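**Q** Okay, handing you the structure first.
The values are calculated or read from the model by the stated rules, or taken from the named source; none is laboratory data. Values in this document were obtained by computation on a predicted structure and should not be read as measured data. Glycine gets a Cβ as well: all are built from the backbone with ideal geometry, and neighbour counts include every protein chain shown. Accessible surface areas use protein heavy atoms only, side chains included; no ligands, DNA or RNA. Shrake-Rupley method; radii C 1.70, N 1.55, O 1.52, S 1.80 Å.
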Amino acid sequence: MLSDCIKQAVEVLREGGLVAMPTETVYGLAADAKNPEAIKKIFQAKGRPADHPLIAHIAHISQLHEWAIDISDKAMLLAKAFWPGPLTLILKKAPGVSSMITGGQDTIGVRIPRHPIAQALLTAFGSAVVAPSANRFGRISPTTVMAVQEELGDQVGCILDGGQCEVGVESTIVDVSSNELRILRPGMITAQQIEAVLHEHLSLQKNNVPRVAGALDSHYAPVTPVKLVESAQLLNMLSSLSNAQLPVAVMTYSFAFDQQGVLCQMMSADPVNYAHDLYQVLRELDHQQVKQILVEAVPDTPEWSAVADRLRRAAFCS
Ligand code: TXA
Ligand code: MG
């Protein structure tokens, strides 16, 4: 029964263990945010550098003041508009918040996830958990239980099965810790939606100094090399591949392609559906023993910004 699973997961958290928790974005690797030994296990399990800050996940907005101070009216507007949901707010940290969570910075990332199992876990636990995506450092975030097992299986005390994640890419991160609001990581809550709530224009921070692990260029990468190709060049490129360069996989959204040695994965032409499938498809293609994954570049429009960002990072090292 689900409630038994939640009870067991709460026990694991209370004992300082790690729980894989489904959220609407991606699966998280959760630990008690007030237990330094438990937090240490997250860094060990992921192989994540200690100075990369973690997001605190809470069940209810009434818990926010335990973790953050100087919360501006604009921050509250965003919280009320989008929580529970795929938005992380970067706020000034409250005194006493462990520097293990904040990576030594004076700010903290907080979000209220809307996945019913995350909500049930956080409510039953009664306090915050810190939860990065449940993958090894630098790899693709998991959006299914199988993917969590593949990434971290034996390192997790308990895995809660919440099915495939609804959104499929990580939360939008907005820095509201100063007067100049910035989007640090694009996500399914778009700049326009945020601007519509605030009635002001936001900048998308590039090459930001604040440490956002997802802002490392090489983040979210499969093992197989990924190459982004403009639609107009893709057909030419595919037909000019030599036998030695095959097989390849190709991810398209505007046309299907049938050629020996080319595994064509047709994606949705809708950015929300594309995002939902993106990590799972990359993970599956990564298992196919192809030499390259060629990806049709997506439109350069605001509604595609989260997908474009993750594809750019997946391709960076390749
Ligand atoms: O959708 C999500 O946000 C998922 C689910 C599990 O909630 N979590 C997630 O966590 O993506 P993680 O650790 O993989 O990415 C969180 C990002 C990191 O890039 C981290 O650097 C950034 O949030 N972050 C956390 N606290 C921050 C802070 N105080 N200042 C700047 N960036 C921060
Ligand atoms: Mg991550």
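**Q** Looking at Leu121 and the list (1) over 17 Å from the mean Cα position of the chain (by Cα); (2) more than 9 Å from ligand 1 (Cβ to nearest atom); (3) open to solvent by 10 Å² or more (accessible area, probe 1.4 Å), which single condition is not satisfied?
**A** (3)
**Q** For the range 306-318, which residues satisfy the criterion of being under 14 Å from the mean Cα position of the chain (by Cα) and of a type outside the set (A, V, I, L, M)?
**A** The answer is Asp309, Arg310, Arg313.
**Q** Could you please tell me which pairs satisfy a Cβ distance under 6 Å, a separation of 6+ or placement on different chains, a first residue in the range 24-47 that is closer than 18 Å to Gln149 by Cα, and a second residue that is open to solvent by 10 Å² or more (accessible area, probe 1.4 Å) and among the aromatic types (Phe, Trp, Tyr)?
**A** Lys46/Phe137; Gly47/Phe137
**Q** List, please: which pairs have Cβ atoms under 6 Å, are six or more places apart or on different chains, and start with a residue in the range 120-138 that is more than 22 Å from Gln63 (Cα to Cα) and of a type in the set (Phe, Trp, Tyr) and end with one that is open to solvent by 20 Å² or more (accessible area, probe 1.4 Å) and more than 9 Å from ligand 1 (Cβ to nearest atom)?
**A** Phe137/Gly47
**Q** Output the number of the condition that Lys227 fails; it satisfies all remaining conditions of (1) without any contact (Cβ under 8 Å) to a residue 12 or more places away in the chain; (2) open to solvent by 80 Å² or more (accessible area, probe 1.4 Å); (3) not aliphatic (A, V, I, L, M).
**A** It is condition (1) that Lys227 fails.
**Q** In the range 142-159, what residues are more than 30 Å from Ala94 (Cα to Cα) and assigned to a loop (DSSP other than H, G, I, E, B)?
**A** Listed by number, the residues that qualify are Pro142, Thr143, Thr144.
**Q** Would you confirm whether any residue within the range 50-65 is in contact with a Ser or Thr (Cβ under 8 Å, 6 or more places away or on another chain) and among the hydroxyl-bearing types (Ser, Thr, Tyr)?
**A** no
**Q** Which residues, taken from the range 42-81, are buried (at least 18 other Cβ atoms within 10 Å of the Cβ), small (Gly, Ala, Ser) and within 27 Å of Gly17 (Cβ to Cβ)?
**A** Ala45, Ala56, Ala59, Ala68, listed by residue number.
**Q** Examine the range 126-141 for a residue that is open to solvent by less than 10 Å² (accessible area, probe 1.4 Å), outside any strand (DSSP E or B) and more than 24 Å from Asp309 (Cα to Cα), and state whether such a residue exists.
**A** Checked against the condition, which is being open to solvent by less than 10 Å² (accessible area, probe 1.4 Å), outside any strand (DSSP E or B) and more than 24 Å from Asp309 (Cα to Cα), the range 126-141 yields at least one hit.
**Q** For the range 284-298, indicate whether the set of residues that are modelled with pLDDT of 95 or more, surrounded by fewer than 22 Cβ atoms within 10 Å (Cβ to Cβ), within 16 Å of the chain's Cα centre (by Cα) and part of a helix (DSSP H, G or I) is non-empty.
**A** No, the range 284-298 has no match at all.
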